[in-house]
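J.: Quick one: structure below, then a few questions.
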Amino acid sequence: MHFLRCVLAEWGLIRPQVFRTRLGLWLLALGAALLWLGRSADPLTVALQAGAFGAVLAASTAGTATPSLFHPTTPLAVAVAQWLGAVVPATILTVLATLALGVSGQRFGAVVLAGVGAAVAVAGCALAIALLLGRTALVALFLCMAVAGAAPPEHFVAMAEPGGWRVIAASALELGPALWRYRDIAMGDAGALAHAAAWAALGIVVASGVLRRADARAGE
Amino acid sequence: MHALASNQALTLVDVWVSSPRRLEGVSLALVPGEVAGVVGPSGAGKSSLLEVAAGILIPSRGSAVVCGVPAGSRPARHLVGYAGRRAAFPAALTVRETLTSLARLHGGPRQTAMVERALELTGAGTLADVRAGRLAVADRRRIALTQAVLGGRRVVVLDELLSGLDPVARRDLRHPLGRIAAEGVAVLIAATDPSALEGLVARVFVLREGRIVRAGVLSGLLRDRILEVILDRPPAEPPPGFRITASGVETPLTGRTPEAALALCRAHRLAVRATRVRLKSLEEVVLDAHDGAR
């Protein structure tokens, strides 16, 4: 109960920022750009991009210092609320983009689910990066999702030098959040769903660790 | 110090911290309603001391206790409020919205009343509907204080709350601090500039390199008198026990009368234009403690 109250209180600090800052405008611009660029593309690709890119943008606002850490809350509750602050706007963008593309029926549910899966995973990753490295580092994640995350790793690994670098590149592309993987959520792939859930959990745990360190630094 | 702990609002006993700034065996205790200051140069460990008191920094040795419960525990978070040097509030939210969200963390049915009480205590009612992003520095400090007292906290820990403010803003923030203390809340406030605390704190802890090198009631620390001698021209060398100032020389009147000190000036053929006796300032107490500990 206390945990939920803490999440709700933190959410109260994050939610208005979506509508009162430039984030709302940026999300609208992103949605418009994705719809324009993807007018002849598969709606699933647009939904995945809306979920992932929307989550990166929203995490840049949600993943920040908060005054609530000096009150009776927990870093985990703050991290969960900040993660929600990235997922919810990205989900709204995904739903709106899918509706705008005229997808309906059972296909609508599958496409939105894949987009939300991408949002859930990328929000976790983006939140951890924002708190660990700063919001500027999210630009790198955005580009990474747009380029390396768009296609399966075999397309890119061949470009890497043979040897250790190839292994590292293949591992990063295989393990990292990627649009090509979450595409399978629309087909009901439980492995892709689990991958997204694992990234969400990892992101929240890392973010809460960073917040805990800021909240109660060990004096050694 | 252990024996005193039960009746204290805040007790630090033999606190040791090695990073980010050292604290070496710091002990202090505050009673309810007391306003105490922590002064010292940059890097002396003031912020670390305050963070230990607020439960943000965990000491490697020693203990910090707030109203009988360990600092940093969940019950202690209801009891101790903290306002750091760089208080950050969501820019897009009004002050009232921010405080209302924070009040939810304290639970209880009367969260609106909790917010109104905190705004009233700190005189921040007029800022309630202003977005945090539009607040001036002094107003942001007032809101930092407001969130620190939110929820009926019994101890408030304030890091550099008055530093870098103009005299009017300082005075305007001192008033609510007095009101808060009158409610029985213990206030521990740190300042790099000791003059910020004069007329506010009842007790002072002078910190140097992680140790309390001087502590006492402010009136006791400031009772020493200084003889200022204004000269026509600066002396090549001051008389024994004097130090050269911008306008002449000065000496503490410890163990001698002003007449005896003046006679010493005349014996050194100094052209005295005027003299005055004043009380030692808190800044001088800090400097004495700093130089004396070398």
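The values are calculated or read from the model by the stated rules, or taken from the named source; none is laboratory data. What you are looking at is a predicted structure, and each value in this text was computed from that prediction instead of being measured. Cβ sites come from the backbone with ideal geometry, for glycine too, and all protein chains shown count toward neighbours.
J.: Just checking, does the stretch B:112-125 include any residue being assigned to a loop (DSSP other than H, G, I, E, B), farther than 19 Å from A:R15 by Cβ and within 14 Å of another protein chain (Cβ to nearest Cβ)?
T.: no
J.: Which of the residues spanning the stretch A:1-28 are exposed (fewer than 13 other Cβ atoms within 10 Å of the Cβ) and within 28 Å of A:T98 (Cβ to Cβ)?
T.: Scanning the stretch A:1-28 gives A:F19, A:R22, A:L25, A:L28.
J.: Inside the stretch B:1-77, counting only strands (runs of 3 or more DSSP E) that do not spill past its ends, which hold 3 or more residues that are under 18 Å from B:A215 (Cα atoms)?
T.: Result: B:10-17, B:23-30, B:35-39.
J.: Within the stretch A:41-72, work out how many residues are assigned to a helix (DSSP H, G or I) and away from chain B (no Cβ under 14 Å).
T.: Count: 16.
J.: Please state which of the following conditions A:A33 fails to meet, knowing it meets all the rest: (1) more than 20 Å from A:G109 (Cα to Cα); (2) surrounded by 15 or more Cβ atoms within 10 Å (Cβ to Cβ); (3) at pLDDT 90 or above.
T.: Unmet condition: (2).
J.: Is it true that some residue in the stretch B:79-99 is within 22 Å of A:G12 (Cβ to Cβ), out of contact with any Pro (no Cβ under 7 Å at 6 or more places or on another chain) and of a type in the set (D, E)?
T.: Within the stretch B:79-99, not a single residue is within 22 Å of A:G12 (Cβ to Cβ), out of contact with any Pro (no Cβ under 7 Å at 6 or more places or on another chain) and of a type in the set (D, E).
J.: Do we find that B:V80 is over 22 Å from B:A181 (Cβ atoms), surrounded by 22 or more Cβ atoms within 10 Å (Cβ to Cβ) and within 12 Å of chain A (Cβ to nearest Cβ) in this structure?
T.: The answer is no for B:V80.
J.: Quick check: anything in the stretch B:161-174 in contact (Cβ under 8 Å) with a residue 40 or more places away in the chain, hydrophobic (A, V, I, L, M, F, W, C), touching a strand residue (DSSP E or B) at 6+ places or on another chain (Cβ under 9 Å) and crowded, with 24+ Cβ neighbours inside 10 Å?
T.: Looking through the stretch B:161-174, at least one residue is in contact (Cβ under 8 Å) with a residue 40 or more places away in the chain, hydrophobic (A, V, I, L, M, F, W, C), touching a strand residue (DSSP E or B) at 6+ places or on another chain (Cβ under 9 Å) and crowded, with 24+ Cβ neighbours inside 10 Å.
J.: Please work out which residue is surrounded by the most Cβ atoms within 10 Å (Cβ to Cβ), limiting yourself to the stretch B:98-111 and to residues that are part of a helix (DSSP H, G or I) and at the interface with another protein chain (Cβ under 9 Å from one of its Cβ atoms).
T.: B:L102
J.: Scan (1) farther than 24 Å from B:V65 by Cα; (2) in a helix (DSSP H, G or I) for the single condition B:T146 breaks and write down its number.
T.: (1)
J.: Let me ask another. Do you know which residues across the stretch A:93-137 are over 18 Å from A:L211 (Cα atoms) and under 13 Å from the mean Cα position of the chain (by Cα)?
T.: The answer is A:L93, A:T94, A:A114, A:G115, A:V116, A:G117, A:A118, A:A119, A:V120, A:A121, A:V122.
J.: Quick check on this structure: which one of B:A54, B:A92, B:A118 is small (G, A, S), touching a residue at least 40 places away in the same chain (Cβ under 8 Å) and crowded, with 23+ Cβ neighbours inside 10 Å?
T.: B:A54 is the lone residue from the list that is small (G, A, S), touching a residue at least 40 places away in the same chain (Cβ under 8 Å) and crowded, with 23+ Cβ neighbours inside 10 Å.
This table checks each residue for (1) hydrophobic (A, V, I, L, M, F, W, C); (2) closer than 21 Å to B:R153 by Cβ.
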position: A:L44; (1), (2): yes, no
position: A:Q49; (1), (2): no, no
position: A:F53; (1), (2): yes, no
position: A:L57; (1), (2): yes, no
position: A:T61; (1), (2): no, no
position: A:L69; (1), (2): yes, yes
position: A:T74; (1), (2): no, yes
position: A:L84; (1), (2): yes, no
position: A:V88; (1), (2): yes, no
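J.: Taking the stated definitions as given, is B:I180 buried (at least 17 other Cβ atoms within 10 Å of the Cβ) and within 14 Å of chain A (Cβ to nearest Cβ)?
T.: no
J.: Considering only the stretch B:209-232, how many residues are closer than 27 Å to B:S42 by Cβ and touching a residue at least 40 places away in the same chain (Cβ under 8 Å)?
T.: 12
J.: Also, quick follow-up: Could you check, for the stretch B:194-210, whether at least one of its residues is in contact with a strand residue (DSSP E or B) (Cβ under 7 Å, 6 or more places away or on another chain) and among the basic types (K, R)?
T.: Yes, there is a match, as at least one residue in the stretch B:194-210 is in contact with a strand residue (DSSP E or B) (Cβ under 7 Å, 6 or more places away or on another chain) and among the basic types (K, R).
J.: I need the full set of residues from the stretch B:227-240 which are more than 17 Å from B:L279 (Cα to Cα) and out of contact with any Cys (no Cβ under 7 Å at 6 or more places or on another chain), in order please.
T.: Hits for the stretch B:227-240 are B:L231, B:D232, B:R233, B:P234, B:P235, B:A236, B:E237, B:P238, B:P240.
J.: What number of residues within the stretch A:43-65 are closer than 14 Å to A:A118 by Cβ and either among the aliphatic types (A, V, I, L, M) or out of contact with any Pro (no Cβ under 8 Å at 6 or more places or on another chain) (or both)?
T.: Count: 16.
Every residue, every condition in (1) at pLDDT 90 or above; (2) part of a strand (DSSP E or B), yes or no:
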site	(1), (2)
B:L161	yes, no
B:G178	yes, no
B:V206	yes, yes
B:V213	no, yes
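J.: For the stretch B:83-97, name all the residues that are facing chain A (nearest Cβ under 9 Å) and in contact with a helix residue (DSSP H, G or I) (Cβ under 6 Å, 6 or more places away or on another chain).
T.: B:A83, B:A87, B:F89, B:P90, B:A91, B:A92, B:L93
J.: Without any contact (Cβ under 8 Å) to a residue 24 or more places away in the chain and either more than 8 Å from chain A (Cβ to nearest Cβ) or more than 21 Å from B:A118 (Cα to Cα) (or both), is that true of B:S19?
T.: yes
J.: Regarding A:A62, is this residue touching a Gly at 6+ places or on another chain (Cβ under 8 Å) and buried (at least 24 other Cβ atoms within 10 Å of the Cβ)?
T.: Judged against the criteria, A:A62 is a match.
J.: Another question, then. Can we say B:V201 is surrounded by 14 or more Cβ atoms within 10 Å (Cβ to Cβ), of a type in the set (V, I, T) and part of a loop (DSSP other than H, G, I, E, B)?
T.: Taking the combined requirement at face value, the residue satisfies it.
J.: Determine, yes or no, whether A:R15 is in a loop (DSSP other than H, G, I, E, B) and either within 14 Å of another protein chain (Cβ to nearest Cβ) or over 30 Å from A:S208 (Cβ atoms) (or both).
T.: no
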